[in-house]
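Okay, so here's the structure we're looking at.
Each value in this text was obtained by applying a stated rule to the coordinates, not by laboratory testing. Predicted, not measured: the structure shown is a model, and the values here were computed from it. Glycine gets a Cβ as well: all are built from the backbone with ideal geometry, and neighbour counts include every protein chain shown.
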Amino acid sequence: MGSKMEISMKVNGIEKKSYTEPRMLLVHYLRDELDLTGTHIGCDTSQCGACTVYIDGKSVKSCTTLAVQADGTEVTTVEGLGDMEKLHAIQRGFWEEHGLQCGYCTPGVMMAMAALLKENPDPSESEIREGMKGAICRCTGYQFIVKAVQHAARSLAEENEKEKLVQSAGEGGAK
Amino acid sequence: MIPSEFAYKRANSVAEALQLLKDSGGEGKLLAGGHSLLPLMKFRLTNPQSLIDISKIEELKGVKLEGGRLVVGAMTTYDELVKDETAQQQIPVLVKAVRIIGDQQVRNRGTIGGNLAHGDPAADLPGAALALDAEIEVHGDLGKETIAAEDFFIAPLVTMLGENSIVTSVSFAVPSPNSRSVYLKYEHPASGYAVIGVCAVASMDDSGKVEHIRIGINGVSDVPYRARAVEEALMGAEPTEALVKEVSENAADDGEIGSDLFASEKYRRHLAKVYTERALKEIFFS
Ligand SMILES: Cc1cc2nc3c(=O)[nH]c(=O)nc-3n(C[C@H](O)[C@H](O)[C@H](O)COP(=O)(O)OP(=O)(O)OC[C@H]3O[C@@H](n4cnc5c(N)ncnc54)[C@H](O)[C@@H]3O)c2cc1C
Ligand code: FES
Ligand code: FES
């Protein structure tokens, strides 16, 4: 019982193979085995969302998922969102609007909000707050988080606009 | 918060899941979305010797319309149901109830079958299941059987499900086009579960009399229930504000309502009346 099992998954684009006990939580696997400590643990009750990562593009709480359940999937952690060379729009938003105080919740909040923006690129304030239900922050009072997400939504829209222009210019040039 | 040891197996078909359950000799548990089971295991409130992961079983997934009923595979996640166009068109109230379960991360994992199988009286799906005459399809030692939602829930976290059985799908009656429906929830401020949730579906005949009504209530009672006393008082009647107020007084009659740390019995009975009245008003007068 409980003997180690081979699992493999793509984490932030890199194939990872390991032997783990079935009871290993995904969050512990990511933090302790793969050293991806950006994913945090903020509670015992599956409520805070500090541990939010993506499995096949869907936001999930990695404290309430077994590593073996993620076998064969693609996992994205906050480290895979962007880096200092190229920050994700949500990361820039948090930077510009100061969307954090202690920063403990921030990786999970950014993961939850980047997922929201993928499905709903122009969320209202109440949609942002509703999307934050699974990501608790005990410092900011959420005001600056909302601003950070709105900032990210604006810059994603601008990026899209630019891309369209470049594309249409490209098409024009080819004629 | 690490669960105690267990063996993990993935089933690729319903038949395989049933065989693995049988092999576990009563010590195994099915793992669907894991969003009720894993939290309990982390606290070691339950310690199954083996988990049988049913999340990869294709035959348990999907939403389809069949003979006037919406048939939802047990392994369909809340998020999949919420985004399903057939579900949105046919039973908006079901989508509305599921749409407010937990949070987005929970909805990405939790499943329709797991919700009902878990039998948590504070869950949001049982009320809608009762109001929509849901039928739960179960495969087990006795072959295939169908259990009506009203017979399914027995006690907190206890259902009619036999030991070696699996919920394969849940079907919900599509309400008639002239019906109106609502799910009203007062959520626990910390957990987000329903302190009360009232799902009501009703339609009227040409003369303005109630010809169909179902009221399913979860949260306040140890077992989710149909407010039959209220339903019966409204059948065949022409709803007026005064009548709705009067019959809602009986909204707690069919429940098994007690006190716990969060809410007293008196408060729960009060909530049942107030939320039933509000739900009915929304259906009949808005
Ligand atoms: C933070 C948080 C907030 C939540 N908030 C809400 C809320 O507001 N409203 C609400 O309704 N729920 C809420 N839930 C619970 C959530 O909806 C669960 O997903 C659901 O109760 C169980 O479904 P699951 O697929 O996760 O089942 P699992 O946890 O995998 O299984 C639960 C139980 O059902 C059994 N089981 C699962 N599938 C089957 C099957 N097909 N056949 C037979 N047995 C089966 C399992 O063996 C287990 O005993 C919340 C959960 C969390 C973690
Ligand atoms: S650590 Fe709090 S929800 Fe996962
Ligand atoms: S910034 Fe401290 S918890 Fe959110």
Cα-based Lys proximity count in the range B:180-285, under 17 Å, for pairs eight or more positions apart or on separate chains: 7
Two-site FRET efficiency, B:LYS64 against B:ALA190, from Cβ-Cβ distance with R₀ of 60 Å, rounded to 0.05: 0.95
Positive dipole terminus of the range A:89-170, leading residue within A:PRO121, A:GLN91, A:GLY141 (C-beta point charges): A:GLY141
GNM result for chain B, Cα springs below 10 Å: residue of B:GLY255, B:GLY236, B:GLY67 fluctuating most strongly: B:GLY67
Projected-area average for chain B over all orientations - Cα convex hull basis, square nanometres: 14.8
At R0 = 25 Å, FRET efficiency that the Cβ-Cβ distance of B:ASP222 and B:ALA148 yields, to 0.05: 0.85
Backbone N within the range B:131-146 under 16 Å of label point (7 Å from B:GLN89 Cα along the Cβ vector): none
Rounded to whole Å, sorted largest first: equivalent-ellipsoid semi-axes of the range A:5-81, Cα gyration tensor: 17, 14, 11
The range A:53-62 - phi-based ³J(HN,Hα) in whole Hz, Karplus 6.51/-1.76/1.60, Gly and Pro as x: 9, 10, 10, 6, x, 9, 5, 9, 8, 6
Separation between Cα centres of the range B:154-180 and the range B:38-85, rounded to whole Å: 13
Distance (nanometres) between label positions extended 7 Å along Cα→Cβ at A:GLU130 and B:GLN19: 4.5
Rel. contact order, % - alpha carbon contacts under 8 angstrom, at least six apart, the range B:61-173: 29
Cys with no candidate disulfide partner in chain A (beta-carbon separation under 4.7 Å rule): A:CYS102, A:CYS139
Share, in percent, of DSSP beta bridges within the range B:17-125 that are antiparallel, nearest 5: 55
Alpha carbon centroid spacing (whole Å) that separates the range B:92-133 from the range A:1-26: 30
Distance-filtered residues of the range B:192-236 - backbone nitrogen under 18 Å, label point 7 angstrom along B:LYS245 Cα→Cβ: B:234
Residue pairs, from the table A:LYS16/A:LYS118; A:LYS118/A:LYS147; A:LYS61/B:LYS42; B:LYS29/B:LYS144, whose Cα atoms sit over 21 Å apart: A:LYS16/A:LYS118
Inter-site label distance for A:GLU161 and B:LYS281 at 7 Å from Cα along Cβ, in nm: 4.6
For chain A: relative contact order, % (alpha-carbon pairs under 8 angstrom, 6 or more apart): 21
Kirkwood Rh and Cα Rg combined as Rg/Rh, the range B:180-285: 0.99
Compactness index (Cα Rg / 2.2 N^0.38 Å), the protein assembly as shown: 1.05
Top of B:GLY33, B:GLY102, B:GLY114 by mean-square fluctuation, Gaussian network on chain B, Cα under 10 Å: B:GLY102
Distance cut-off 25 Å, percentage of C-alpha pairs in the range A:49-175 lying past it: 29
Selected from B:ALA117, B:ALA155, B:ALA242 as most flexible by GNM, with chain B as the system and alpha-carbon contacts under 10 Å: B:ALA242
